[in-house]
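The values are calculated or read from the model by the stated rules, or taken from the named source; none is laboratory data. All values reported here derive from a predicted model rather than from experimental measurement. Every residue, glycine among them, receives a Cβ derived from its backbone with ideal geometry; neighbour counts consider all protein chains shown.
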Amino acid sequence: MRKEDLETVIGLEVHVELATKSKIFCSCSTEFGAPPNTHVCPICLGLPGVLPVLNKKALEYAVRAALALNCEIAPFSKFDRKNYFYPDLPKAYQISQYDQPLAYGGYVDIEVNGEKRRIRIKRVHLEEDAGKLLHAGDDIAGAATSLVDFNRSGVPLIEIVSEPDIRSPEEARLYLMKLKTILEYLGVSDCKMEEGSLRCDANLSVRPRGAKELGTKTEIKNMNSFRAVFKGLEYEERRQKEALAAGEEIVQETRHWDENRSVTVSMRGKEEAHDYRYFPDPDLVPLIIDRAWVEEIRRSLPELPDARRERFQREYGLPAYDAEVLTASRTLADFYDECVRLFPDPKAVSNFVMSEVLRLLNAEGKDIVDTPLTPQHLAKLLGLVKEGTISGKIAKDVFEEVFKTGRDPAEIVKERGLVQISDEGELARIVDEVLAANPAVVADYRGGKEKAFTFLVGQVMKATRGKANPALVNKLLKEKLS
């Protein structure tokens, strides 16, 4: 069978740590980065005789996430024990949900090559996190020994399970990015993949194009960034297609993504649901969700990314691309909204945010809230440009200092003597000097070489150290050259 005749089928299981202050079944802190095994108690250590009590805030966050993902909230659900042995699981079972999850039947829409694709969500359920293994070596595959930190044990998770609707590694990346954005807008998780707040396991199989039955799948673990998800799936897709094209069989198994070698490595045979011997947890009562409470949570949901993007286009008249970039992060969208309120020129604000603000944020790897820059700063800076006090070029220089220090842009302009020269008489004198010093360029322009005009503008700006009013410079040059 040729590789070109095979279709990729991907389903993602995304684990999201909820941003509660305490764990799901005890009062231990969920703070990240504490010394190992300092945020633990008999409950999250699984000692005999303890009883778990559900954290209501974790349940509320899970319902918020499920509603935002267009899911139905089950009026009745229950907790189950998922039984397996692993060193980071102190009870030898994980409290999770199996046949009666919290929510089901949702979807997320993504855009692929200009076309909308709907990725269905099979279920959203609550569960507790396991501890964390610290390997003495590069990774689990090559480690001689491992240590266990139980601080993470019992941190509340939601697991978001997609239907096998994803058809490429790129679609998987886009779906994951959209999911992360929605969860950040909700405030239910910080979604920091580098801290393990958002983790993704992927199931991938290939089948003949047009076939209804799924192929033999493999599960890929240890993908802790969007890039790793894309590269891991890309490698596994290629590996399976090449194997089938060569007449080999695919083995159902769990594979480890080796970041250093950019390959997936076999870890163990893939478990089936019956291998976990699920049964209802006798220590936790079933969840009976009050519909009035669900509707109260629904009414409290913030404006979500798709709705905000559409509003930016409708209300502010922004192009689709601008709206997409500005709403990719809730903090950036909030910043932009407030800037427009203070300086009601949506396109001017959009242009500056997308060029200058994002340039410096990306260069420093920061979120807008991690800088001293405020909407008031940017609105005042754009106001100085609009009033003709400074040029757009000078505004960019001033902005760099504002971004780093949080100083008032007007003070910086005054301190540096950057006020724009708009005195026509003074500029006319400088233009005359530039024309007199460049007779050959003047002759080129009058001979039809348009680039010569740009050179002359540059010379005037150079002579004024960038402080000349550009519009006035253009006007005077054209008058004197005509």
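General observations
- The range 312-328 residues that are within 18 Å of ASP345 (Cβ to Cβ), paired with ones that are among the polar types (S, T, N, Q) and modelled with pLDDT of 95 or more (beta carbon under 8 Å, 6 or more apart): PHE312/THR327; TYR316/SER350; LEU318/SER350; PRO319/GLN313; ASP322/SER350; ALA323/GLN313; LEU326/SER350
- Options ALA410, ALA379, ALA436; residue that is crowded, with 19+ Cβ neighbours inside 10 Å and in a helix (DSSP H, G or I): ALA379
- Of LEU89, LEU47, all but one fail to be out of contact with any Gly (no Cβ under 8 Å at 6 or more places or on another chain) and not in a helix (DSSP H, G or I); the exception is LEU47.
- Check on VAL229, assigned to a strand (DSSP E or B) and in contact (Cβ under 8 Å) with a residue 40 or more places away in the chain: no
- Test: residue in the range 413-431 that is out of contact with any Cys (no Cβ under 8 Å at 6 or more places or on another chain), modelled with pLDDT under 80 and over 22 Å from LEU477 (Cβ atoms): yes
- Residue within the range 98-114 that is surrounded by fewer than 21 Cβ atoms within 10 Å (Cβ to Cβ), among the aliphatic types (A, V, I, L, M), touching a helix residue (DSSP H, G or I) at 6+ places or on another chain (Cβ under 9 Å) and in a strand (DSSP E or B) present: yes
- Residue, surrounded by the most Cβ atoms within 10 Å (Cβ to Cβ), within the range 464-479, restricted to residues that are assigned to a helix (DSSP H, G or I) and modelled with pLDDT under 80: VAL473
- Qualifying residue in the range 460-478 (condition: farther than 26 Å from ALA395 by Cα and out of contact with any Ser or Thr (no Cβ under 9 Å at 6 or more places or on another chain)): no
- Matching residues in the range 260-292 - criterion: being within 32 Å of the chain's Cα centre (by Cα) and in contact (Cβ under 8 Å) with a residue 40 or more places away in the chain: ASN260, THR264, VAL265, MET267, LYS270, GLU271, ALA273, LEU287, ILE289, ARG291
- Residue that is at pLDDT below 95, assigned by TED's automatic domain parsing to the domain that holds LEU69 and among the basic types (Lys, Arg), where the choices are ARG261, ARG239, ARG167: ARG261
- Yes/no for GLU303 being more than 18 Å from PRO375 (Cα to Cα) and modelled with pLDDT of 95 or more: yes
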